[in-house]
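Asks: Shown below is the structure under consideration.
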Amino acid sequence: MCGIVGAVAERNVVEILLEGLKRLEYRGYDSAGVALLDSSNNLTRVRRTGKVQELADAVEANPVTGQTGIAHTRWATHGGVTEANAHPHFSSDRIAVVHNGIIENYQSLREAQKAAGYTFTSDTDTETIAHQVEMEMASADSLLSAVQTAVKKFEGAYGTVIMDREDPSRVVVARSGSPLVIGLGLGENFIASDQMALLPVTRRFIFLEEGDVAEITRRDVHIFDKDGNPVEREVVDSVVEHDAGDKGGYRHYMLKEIHEQPTVVRNTLQQRLGEHDLVEGIFGDGAEAILSKVKHIQIIACGTSYHAGMTARYWLEQYANVSCNVEIASEFRYRKSFVHPNSLLVTISQSGETADTLAALRLAKEQGYMSSLTICNVPGSSLVRESDMAFMTRAGAEIGVASTKAFTTQLTGFLMLTLALGKHNGMADSDHKAIVAGLYSLPSKLEETLALTGGIEELAEEFADKNHSLFLGRGDQYPIAMEGALKLKEISYIHAEAYASGELKHGPLALIDDEMPVIVVAPNNELLEKLKSNVEEVRARGGIMYVFADKEASFASDDTMRVINVPHCESSIAPIVYTLPLQLLSYYVAVIKGTDVDQPRNLAKSVTVE
């Protein structure tokens, strides 16, 4: 959510800024803007609601130039979706600001600034940053010192970039809770909220740490910590690839990413899974010594990643004999919790910048966890840098807001973690062999499952006039049912709920009628007969069933039940395999509904505020 791009160069940077914004579109936004400073101290601004292309068209119609510039895509928090609320924001046509995050004490700042004579032209919290910096300029000797003083008065989260019309040679940036990365060029330098935005112009990056303030000119970058002390931050050469401009012949990024899953799972397993066991060191240097001592796992995540953690709990307790708790990050960080002896904290995030998950990691460090591990898709992200160990999922850039391949690679990583912990906690040899065999077969099983696409597309037509749906699963398929419900509501806007099927009699049966589709995931495992009883409970009450079932599970289609046969697989990998049909169902229902599949309303790809 929200994207920042900035540049200081000798050339006109407007195209760099616009291209950077386009590369951040996947994060979710509702307006966009750009501000430019030229060497004659001319400050210009263009803002538009809607897509970045609307902004690009406006710039093309009335060209603007500048060698120093900032740009932003906004996801509305304070104030509606209007051009006046779009970034960048100005103070007295001198200070220009873009900002990710939320200034929690903006109301008190706003009142003080009004009393000082400042006029507000927006409803945003961000405008208070611009006015506060200008207020501090009255007693500061530079933009840098004004920003360093101003940020001490902000409460909340911010990643912000500030320009001064009277000094077009530099920008000043500040980070607290919201990520910023500096891109290093030759005679020019850049800033962004995500390295993806800058890949066309540089591969050399500096990731700012919490509390950092930096001054950036064409030739120099000076970084100061939260106490104002000069610091050096590591320069990282990025190997990240980005294919945001290429749907690969698919209609939507989401469909492309669904079909990429066999390939990215192979990438996740490559050089990590040996013939009979895991390759040593896949969780980082020194990880084996840490994992050998783990007796409890605390998993923290949000959204889809939370569902991955819930699935992992079944594996960790069933196979690895390690107790496990799973908690939503936004709940964990605001309650008093108990830390078990020899506990490993595991965070999960596609972006590595999820605000609540990152805050939970920082809190857990204070609580005395033995160590921390993150399962993440973005090298160099905050979670990766701040965790003791990191497992990279290798899913590649995921552009669709509704997560698909990031989820299945997270699950793959968790199954490998289960193996790694199991060997220290008495995992049965038969389970070890079955999981290894399952992982080896997983990419091909996913390919077989994608062959169901045609039948699922046809089935999706029956959801065209539906407004509600129910997803059911048992055991480790219950979180998969939850993920299926989340996907359907995210992109088709159909209200969807998921239940452990054994809970039907405790309330959900009241919802059953012939207008409520009931989607069931039914692998051929030890809970199959229990699940069949639950299916009959629904049928007896006039429900219409859609069952994704193992072809050996003996389900048959009739007037009240549509059965899609899923390839038989090892029970350990079944949650991963059964994810794909639910993704495809959600996708094709959304296409029929005519929604914006890749950028569904009100949602953002990377949630970097509370």
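Every read-out reported here was derived from the displayed coordinates using simple, explicitly stated rules and does not represent laboratory data. Remember, it's a predicted structure, so these values are computed and weren't measured experimentally. Positions of Cβ are generated from backbone atoms using ideal geometry, with glycine treated the same way; all protein chains shown enter the neighbour counts.
Asks: From the phi angles alone, apply the Karplus equation (6.51, -1.76, 1.60; θ = phi - 60°) to the range 566-579 and give each ³J(HN,Hα) in whole Hz, x where the residue is Gly or Pro.
Replies: 9, x, 5, 8, 4, 4, 5, 9, 4, x, 6, 4, 6, 5
Asks: Take each of the peptides 405-413, 442-450, 39-47, average the number of other beta-carbon atoms within 10 Å over its residues, and list them starting from the highest.
Replies: My ranking of the peptides, most packed first, is 405-413, 442-450, 39-47.
Asks: When the label point is put 7 Å from the Cα of Ile592 along its Cα-to-beta-carbon vector, which residues of the range 520-561 have a backbone N closer than 12 Å?
Replies: Answer for this model: none.
Asks: Based on alpha-carbon positions alone, could you give the equivalent ellipsoid semi-axes of the range 53-169 from the gyration tensor, as √(5λ), descending, whole Å?
Replies: Value: 23, 18, 12 Å, ordered largest first.
Asks: Now for a different question. Report the gain in length on full extension from Ala464 to His340: 0.36 nm times residue separation, minus Cα-Cα distance, nm rounded to one decimal.
Replies: Extra length available between Ala464 and His340 comes to 39.8 nm.
Asks: Considering only Cα-Cα distances, which of the following residue pairs are longer than 31 Å: Lys256/Lys532; Lys423/Lys551; Lys405/Lys466; Lys295/Lys505; Lys433/Lys487?
Replies: From Lys256/Lys532; Lys423/Lys551; Lys405/Lys466; Lys295/Lys505; Lys433/Lys487, over 31 Å: Lys256/Lys532; Lys423/Lys551; Lys295/Lys505; Lys433/Lys487.
Asks: Another question, then. Taking amide H atoms as placed 1.01 Å from N in the peptide plane, list the residues 5 or more away in sequence, or in a different chain, whose amide H sits under 5 Å from that of Ser323.
Replies: Ile297
Asks: Would you grab the residues whose amide H sits under 5 Å from the one on His78? Only those 5+ places off in sequence or on another chain, please, with H modelled 1.01 Å from N.
Replies: Here the answer is Asp125, since their amide H atoms fall under 5 Å of that of His78.
Asks: Does anything in the range 512-532 have its amide N under 12 Å from the 7 Å Cα→Cβ label point of Ala451, and if so which residues?
Replies: none
Asks: Taking 0.36 nm per intervening residue step and subtracting the Cα-Cα distance, what contour gain separates Lys551 from Asn425 on full extension?
Replies: So the extension gain works out to 41.9 nm.
Asks: How would you rank Met561, Met137, going from fewest to most other Cβ atoms within 10 Å of each one's own Cβ?
Replies: The fewest-first ordering by Cβ neighbours comes to Met561, Met137.
Asks: Okay, next question. Provide the per-residue ³J(HN,Hα) series for the range 491-499, in order, calculated from phi with Karplus coefficients 6.51, -1.76, 1.60 and θ = phi - 60°, each as a whole number of Hz, with x at glycine and proline positions.
Replies: Working through the residues one at a time gives 10, 9, 6, 7, 5, 9, 10, 10, 9 Hz.
Asks: While we're looking at this one, here's another question. Report the extension gain between Ser441 and Asp93 in nm, rounded to one decimal, defined as 0.36 nm multiplied by the number of residues separating them, less their alpha carbon distance.
Replies: Extra length from Ser441 to Asp93 when fully extended: 119.1 nm.
Asks: In nm, give the distance between the simple-model label positions of Gln367 and His222, each being 7 Å from the Cα along the Cα-to-Cβ direction.
Replies: 4.1
Asks: Calculate the FRET efficiency for Arg541 and Ser169 from the Cβ-Cβ distance with a Förster distance of 51 Å, rounded to the nearest 0.05.
Replies: Efficiency, from the Cβ-Cβ distance: 0.10.
Asks: Using only Cα atoms and rounding to the nearest 10 degrees, what angle (0 to 90) does helix 528-539 make with the longest principal axis of the chain?
Replies: Rounded to the nearest ten degrees, it is 80.
Asks: Taking the square root of 5 times each eigenvalue of the Cα gyration tensor, what semi-axes in Å does the equivalent ellipsoid of the chain have, largest first?
Replies: Ellipsoid semi-axes (Å, largest first): 45, 27, 21.
Asks: Show me, for the range 206-212, the HN-Hα J-couplings you get by feeding each phi into the Karplus relation (A = 6.51, B = -1.76, C = 1.60, θ = phi - 60°), rounded to Hz, glycine and proline as x.
Replies: Here the 3J(HN,Hα) series is 10, 8, 5, 9, 4, x, 5 Hz.
Asks: Between Thr82 and Gln271, what is the spin-label point distance in nm, taking each point 7 Å from the Cα along the Cα→C-beta axis?
Replies: 5.4
Asks: Further, regarding this structure: Kindly put Val236, Val97, Val201 in sequence by how many other C-beta atoms sit within 10 Å of each C-beta, fewest to most.
Replies: Going from least to most buried by this count: Val236, Val201, Val97.
Asks: Ok, one more. State, in angstrom, two size descriptors of the range 159-202 derived from its alpha carbons: Rg to one decimal place and Dmax to the nearest whole number.
Replies: In order Rg, Dmax, the Cα atoms of the range 159-202 give 11.2, 30 Å.
Asks: Under a 5 Å amide H to amide H cut-off, with H placed in plane at 1.01 Å, what residues pair with Arg562 once short-range neighbours are removed?
Replies: Result for Arg562 returns Met545, Tyr546, Val547.
Asks: Around Phe548, with a cut-off of 15 angstrom between Cβ atoms, what is the net charge of the other residues, counting Lys and Arg +1 and Asp and Glu -1?
Replies: Computed value for this residue: -2.
Asks: Where does helix 127-137 land angle-wise versus the long Cα axis of the chain, in degrees 0 to 90, nearest 10?
Replies: The angle comes out at about 40 degrees.
Asks: Put a dot 7 Å past each Cα toward the Cβ at Ala115 and Asn41; how far apart are the dots in nm?
Replies: Taking the two extended label points, one gets 3.2 nm.
Asks: Given charges of +1 on the Cβ of Lys and Arg and -1 on the Cβ of Asp and Glu, with all other atoms neutral, how large is the dipole of the range 189-266 about its Cα centre, in debye to the nearest 20?
Replies: That gives the range 189-266 a dipole magnitude of about 500 debye.
Asks: Averaging the inverse of every distinct alpha carbon separation and then flipping it gives the Kirkwood radius. What is it for the range 355-407, in angstrom units?
Replies: About 12.1 Å for the range 355-407.
Asks: Under 18 Å from the Cα of Lys489, which aspartates and glutamates turn up, not counting those fewer than eight places away in the same chain?
Replies: Once the sequence-local aspartates and glutamates are set aside, what remains near Lys489 is Glu457, Glu461, Glu462, Asp465, Glu497, Glu515, Asp596, Asp598.
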